[in-house]
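The values are calculated or read from the model by the stated rules, or taken from the named source; none is laboratory data. Given the structure is predicted, the values throughout are model-derived calculations rather than measurements. Using ideal geometry, Cβ is built from the backbone for each residue, glycine included, and neighbour counts are taken over all protein chains shown. Keep in mind that these areas ignore ligands, DNA and RNA; they rest on the heavy atoms of the full protein, side chains included. Shrake-Rupley method; radii C 1.70, N 1.55, O 1.52, S 1.80 Å.
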Amino acid sequence: MIRPILKYGDSQLHATARPVDAVTPDIERLIDDMIETMYAAPGVGLAATQVGVPLRIFVIDISVGRDPNGLLTLINPEFVERDGVQLEEEGCLSVPGFNATVMRPMRVVVKGLDRNGEPQQHEGSGLLARAFQHEMDHLDGALFVDRLRGIKRDLIVRKIRKLSRAGKW
Ligand SMILES: [Zn+2]
């Protein structure tokens, strides 16, 4: 089932998600819905907080379905390593229509549980490292807009407020 994606300004996006205790049928259904919602958008990643569920789960597929092994589901993810710096344009399904250059680590190692509750570890660089950091931020209640400073951030926030007032957000 495709779930509605919350947009910037919704307080649920700015709350810290809590760890998953056990992979219950409800959690499995949530993960299936998140995958379906991510592909339908389409997007390269989605965090549970974006569909209004405050649990530490995200899904990522930087191939957007083209690579059969591209789909990653991480439950209770944690960083093991973060190295380097990259500066690239980034967007977010919760901030549709906006992009900005965001500083991210160049390489990331994350560990967590897979959807069977088994421990797993992944290494990513470039776009994958960016996606890991972006989705982890969601679980901590932060969006890419929150990582911007000064004029760039003000401009996006002002435009969103304007869209909001016009009922177009
Ligand atoms: Zn996002």
- Message: Against the conditions (1) out of contact with any Asp or Glu (no Cβ under 9 Å at 6 or more places or on another chain); (2) outside any helix (DSSP H, G or I), where does Arg158 fall short? Just the number, please.
- Response: (2)
- Item | Set Gly84, Gly65: member being over 16 Å from the mean Cα position of the chain (by Cα) and modelled with pLDDT under 95 | Gly65
- Query: For the range 87-106, what are the residues that are crowded, with 17+ Cβ neighbours inside 10 Å and assigned to a strand (DSSP E or B)?
  - Reply: Glu90, Ala100, Val102, Arg104
- Message: Out of Gly70, Gly117, I need the residue that is open to solvent by 10 Å² or more (accessible area, probe 1.4 Å) and on the phi > 0 side of the Ramachandran plot. Which one?
- Response: Gly117
- Note on the structure: Taking the range 17-50 and keeping only residues that are within 17 Å of Gly112 (Cα to Cα), surrounded by fewer than 16 Cβ atoms within 10 Å (Cβ to Cβ) and touching a residue at least 24 places away in the same chain (Cβ under 8 Å), one is left with Arg18, Pro19, Ala22, Glu28
- Quick one: count up the residues across the range 51-67 that are of a type in the set (Gly, Ala, Ser) and either surrounded by 17 or more Cβ atoms within 10 Å (Cβ to Cβ) or in contact (Cβ under 8 Å) with a residue 40 or more places away in the chain (or both). 1
- Message: Suppose the filter is open to solvent by 80 Å² or more (accessible area, probe 1.4 Å), farther than 13 Å from Phe79 by Cα and not polar (S, T, N, Q); does Arg147 pass it?
- Response: yes
- Query: Can you name the residue in the range 134-156 that is of a type in the set (Val, Ile, Thr) and within 16 Å of the ligand (Cβ to nearest atom) and is also farthest from Leu93 (Cα to Cα) among such residues?
  - Reply: Ile156
